[in-house]
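Everything on this sheet refers to the single structure shown next.
The values are calculated or read from the model by the stated rules, or taken from the named source; none is laboratory data. All of these numbers come straight from a predicted model, not from anything done at the bench. Glycine gets a Cβ as well: all are built from the backbone with ideal geometry, and neighbour counts include every protein chain shown. SASA here: full protein model, heavy atoms, side chains in, ligands and nucleic acids out. Shrake-Rupley method; radii C 1.70, N 1.55, O 1.52, S 1.80 Å.
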Amino acid sequence: MTTTENELKALMLASQDGDAAAHRALLERLSRHLRAYYRSKLARTGRGAAEAEDLVQEAVLAIHLQRHTYDPAQPLTPWVHAVARYKLIDFLRRTRASRADVPIDEADDITAHDDNVGAESSFDVRRLLKQLPANMQCAIAAVKLDGLSIAEAARRCGMSESGVKVSIHRGLKTLAALIARRTEP
Amino acid sequence: MKTDELITALSMSVEPVDRRLVNRSVGIALAIGTVVALGLVLTGLGVRADLSTPRAVTFLFLKLAFALGTVGAASVYLTRLARPGGERRISLGLAAIPFAAIMLLAAVSLGQAPSAHWDKMVMGNEWLECLLSIPIIAIVPFAVVIWAVRKAAPTNLVRAGAFSGLVAGGVSAVAYAFHCTDDSLPFVALWYGGTRLCCARSPARYWDRGCCVGE
């Protein structure tokens, strides 16, 4: 039996007998253990410190309300662990259900924002593009990366509009083949 | 609210708690359930008429011993399951001993009897009545026992539900034994034992997670 278990159990027994100071000390010590427990468990599911603190409070409240269900003949740690784990499972169930409550949005929302991931990957494509013939490079860079229209790309690259379309089509096929070759082991 | 503030608020007035409350609630629930079940059987079905014969008395006591044995073991475990972490401290094997014992006795008695009698010994006269009566009589005891367990803080609801069903089924079997006139060990093993296990199985599946620690 560890010292922590013995100290906590002594506090719990005093608290069951109505000792307010022991009760306060018990809840303070347990809340620190609970905080560490919930933070480590929630970090694995990608949730933060605020949720962990909510859970600490729920568990502290349950320990306070249910302290009569602790049987002094038994060690305290498994009793606390059972309450803490029950609250954790309850929380994970609740929040999993609420994942279905995604707010209604428009199809445009998916493209409304861009972030640096797109920008980073375009650098890679520009490097690959350098392996293509010049006219394909120019057409793809103008239309796919710089967002120009076919007519503007035709002017910039000095080609006809159908020439731009054909260059893009063939260039993308070649690019796909290049990427496939690069990702092969 | 900060956790420190919550702890301060909770430590304002700390009352001594009653550590025996869980056991007492389950005990009271058992007593209420037994009274209701006995009342139902005595008024609704009536005590078996042939209680003056020694054979009837022997079998009544045998059925009572089997039923009370399972109620005893299951209710000790139920008072543990009603507390957080109690599922660590139960062994399903020990709760199964009365069932194993009655199955063994039934097998021995079947082995001694000529096989032409087996059908009669296993099915009895009233197997359908037994099959229906025990779960129906168990409804009220089950509700009362569940009420007592939910007042505590079970953390393994499936097991707590199963043992509540087992206890309620046992109480019901105790009461039904006063009415049942089928006196053969295989009958008791199959129809008493089987319906009891059904009583334990179904609530375990349907007891939802509506019951929470700290509610």
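A few notes on this one:
- Any hit, the range A:36-54, residues being aromatic (Phe, Trp, Tyr), surrounded by 21 or more Cβ atoms within 10 Å (Cβ to Cβ) and more than 9 Å from chain B (Cβ to nearest Cβ): yes
- Verdict on A:Ala73 being more than 9 Å from every other protein chain (Cβ to nearest Cβ), open to solvent by 60 Å² or more (accessible area, probe 1.4 Å) and not in a helix (DSSP H, G or I): yes
- The range A:1-29, residues that are outside any helix (DSSP H, G or I) and more than 40 Å from the chain's Cα centre (by Cα): A:Asp17, A:Gly18, A:Asp19
- Pairing each residue of the range A:5-34 that is of a type in the set (Lys, Arg) with any residue that is not in a helix (DSSP H, G or I), provided the two are 6+ apart or on different chains, yields C-beta distances under 6 Å for A:Arg24/B:Ser11.
- Residue tally, condition at the interface with chain B (Cβ under 8 Å from one of its Cβ atoms) and either in contact with an Asp or Glu (Cβ under 9 Å, 6 or more places away or on another chain) or within 15 Å of B:Arg19 (Cβ to Cβ) (or both), over the range A:8-22: 5
- Condition check for A:Leu65: within 7 Å of chain B (Cβ to nearest Cβ) and buried (at least 21 other Cβ atoms within 10 Å of the Cβ): no
- Number of positions in the range B:66-89 that are within 14 Å of another protein chain (Cβ to nearest Cβ), open to solvent by 20 Å² or more (accessible area, probe 1.4 Å) and under 24 Å from B:Ser172 (Cβ atoms): 3
- Residue check for B:Leu40: touching a helix residue (DSSP H, G or I) at 6+ places or on another chain (Cβ under 9 Å), modelled with pLDDT under 80 and of a type outside the set (Lys, Arg): no
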